[in-house]
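Scroll down for the structure; my scribbles are underneath it.
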Amino acid sequence: MRKRHCTCGAEADVVRGTRRTADGSDEIFYRMACPVCGQLGPAIPAVGKDEAAAIAEAIEAWNEMIACLRPLEA
């Protein structure tokens, strides 16, 4: 899957993170993050998915977010 460049022009990376849920357990999520400007894509929880599927979903969510910010880019 092709990753779209950030609005600043840099190539974003997939990052893995954890966050504490309301019930006190840790949740793993994946998202795209720009190493230049710090823009973050939507956090995609990995619950019930394998790592590859969660990463693909994070890339797709990033691409959709960038497409909304730059609708005229082909």
Of 42, 30, 10, which is farthest on the positive side of the dipole of region 1-57, counting Cα position, with +1 on Lys and Arg Cβ, -1 on Asp and Glu Cβ, and the Cα centre as origin?
-> 10
Dipole magnitude of the chain about its Cα centre, charges +1 at Lys/Arg Cβ and -1 at Asp/Glu Cβ only, in debye to the nearest 20?
-> 200
With contacts defined as alpha carbon pairs under 8 Å and 6 or more residues apart, what's the relative contact order of region 1-66 in percent?
-> 31
Over the chain, volume per residue of the alpha carbon convex hull, in Å³ = 92
Result for the chain: accessible area per residue, probe 1.4 angstrom, in square angstrom, of 63
For the chain, what % of the accessible area comes from carbon and sulfur atoms, probe 1.4 Å?
-> 55
Simple spin-label estimate for residue 47/residue 23, 7 Å along Cα→Cβ, in nm, reads 0.7
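The values are calculated or read from the model by the stated rules, or taken from the named source; none is laboratory data. Note that the structure is predicted; figures quoted are calculated from it, not measured. All Cβ positions, glycine included, derive from the backbone under ideal geometry; neighbour counts span all protein chains shown. SASA here: full protein model, heavy atoms, side chains in, ligands and nucleic acids out. Shrake-Rupley method; radii C 1.70, N 1.55, O 1.52, S 1.80 Å.
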